[in-house]
1. For GLU323 and LYS243 in one chain, what is 0.36 nm times their gap in residues minus the Cα-Cα distance, to one decimal in nm?
2. How do ARG276, ARG47 line up, fewest other C-beta atoms within 10 Å first?
3. State, as an integer percentage, the relative contact order of the chain based on alpha-carbon contacts under 8 Å between residues 6 or more apart.
4. How high is the FRET efficiency between ASP79 and THR2 when r is their beta carbon distance and R₀ equals 41 Å, given to the nearest 0.05?
5. Under the rule of -39500 (n - 2.57) per DSSP H run of 4 or more residues, summed and divided by the residues of the chain, what mean residue ellipticity at 222 nm is obtained, to the nearest 500 deg cm²/dmol?
6. In straight Cα distance, which lysines are under 27 Å from LYS243, not counting same-chain residues fewer than 8 positions off?
7. Please list the helices of the chain that count as membrane-span-like by this rule: a mean Kyte-Doolittle hydropathy of at least 0.0 together with Cα atoms stretching 15 Å or more along the helix axis, each helix being a complete DSSP H run.
8. Based on Cβ point charges of +1 for Lys and Arg and -1 for Asp and Glu, what charge dipole magnitude is obtained for segment 245-335 about its Cα centre, in debye rounded to the nearest 20?
Amino acid sequence: MTTIRYHQTPVYVGASWDILPELVDFNIYSKVILLVDENVYRWWKERFVNYLYIVIPSGEEQKSLLVVENLVQDLIAMDADRNTLLIGVGGGVVCDITGFVGAVFMRGIDVGFVPTTLLAQVDASVGGKNGVNTGKYKNMIGTITQPVFILSDSSFLATLPEEEFANGMAEVIKHGCILDENYYSFIEENRNKIRSRDSDTMDYVVQKSVELKSSVVAKDEREIGQRKLLNYGHTFGHAIEKKYNIPHGQAVSLGIIMVNEFSVKKGVLSVLETNRIKDLLAFFGLPVAIENYAVQELLPLVLHDKKRISDALQLITLKRIGEGEITPVRIDEFM
Ligand SMILES: NC(=O)c1ccc[n+]([C@@H]2O[C@H](COP(=O)([O-])OP(=O)(O)OC[C@H]3O[C@@H](n4cnc5c(N)ncnc54)[C@H](O)[C@@H]3O)[C@@H](O)[C@H]2O)c1
């Protein structure tokens, strides 16, 4: 097991679910309540027998204020108080909901996360962002509140559907692209082991991605500067996800290809490096053919993105593999 620390939060990677009781300080907490994703509960029921828990149905639509209010009612019925520790056990949806409920219940109680999807282990559980959606707008209501611990147990990944694994790989590849060339090469060289979810290799991948993401977050929690790099592939990715209703990782993959093509046209990124990235995304079953997605049709959606400033986009581009940068781009440069 490796422990990574950012802010005050320890992240236990390559850890076993069985150590959970050791992470709870019963001098501080009078009660522990788990919020468990329904599919995780179905597959791993026996892990929860000794705990108080609430099962949350799976799906993005759970990220709503109504669900939060119902959970608050449930917590009150379970006699939760200010000394209750809430632990989210699930993917990004459950982590986001748990983080938000924890931030607002009785003006704030502590939360821990046990992320069970690859995406949640390498991305959603780390960084403190939480929240719910409103109407068609994602993550519009939320806070930045750090969990008291994150426990990452790669055995949960054994039951993760293929498509969900690929969603997580889009973020893993993103981390290598923007922050660490050696890590990117490691992913390339160990692609077969990763695809077969070899546990030692996955522990290393989660460790590396958490180290990279948390070092960025530690320097820029509120996304004023460097944290924006993590939006690589997401500017057009979010627009594609919304317009074509395709899974997040697939949309990010297409968003990465789009922004890379833009950088190639501007003479910044080499064709060789773009093709390396394309090959790796495709190896993990992610889509890379952008012919059917016209940038011009996506722009209106991109312009509604909350991350836009004035009439320039802050696009995250690559100088080369391992080095992302924030590039202000005028809208007319896409025309
Ligand atoms: N807070 C952040 O910084 C941050 C970052 C990235 C994404 N997110 C959010 O995360 C969410 C996406 O997260 P996700 O991709 O983990 O999706 P998810 O939580 O919806 O999980 C995906 C699917 O996998 C199932 N599942 C989870 N663990 C499983 C397991 N071990 N075995 C079998 N099935 C399992 C779930 O039931 C669900 O059907 C989005 O809402 C997104 O906005 C948040």
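Taken together, the values in this text are just the output of simple stated rules run on the coordinates, not laboratory data. Just so we're clear, the structure is a prediction, and the values are computed from it rather than from any experiment. Using ideal geometry, Cβ is built from the backbone for each residue, glycine included, and neighbour counts are taken over all protein chains shown.
1. Additional length available on full extension: 25.9 nm.
2. Numbers: ARG276 16, ARG47 21.
Fewest-to-most Cβ neighbours within 10 Å comes out as ARG276, ARG47.
3. So the answer I get is 15 percent.
4. Details: r = 36 Å, r/R0 = 0.88.
Here the calculated transfer efficiency is 0.70.
5. Per the formula, -13000 deg cm²/dmol.
6. LYS63, LYS129, LYS136, LYS138, LYS174, LYS228, LYS265, LYS266, LYS278, LYS306, LYS307
7. Values: long enough: 65-77 (18 Å, 1.55); 92-104 (18 Å, 1.77); 162-179 (26 Å, 0.13); 199-219 (30 Å, -0.11); 248-265 (25 Å, 0.66); 271-283 (18 Å, 0.39).
Those that clear 15 Å and a mean of 0.0 are 65-77, 92-104, 162-179, 248-265, 271-283.
8. Values: 10 positive and 11 negative charges, 41 e Å.
Roughly 200 debye for segment 245-335.
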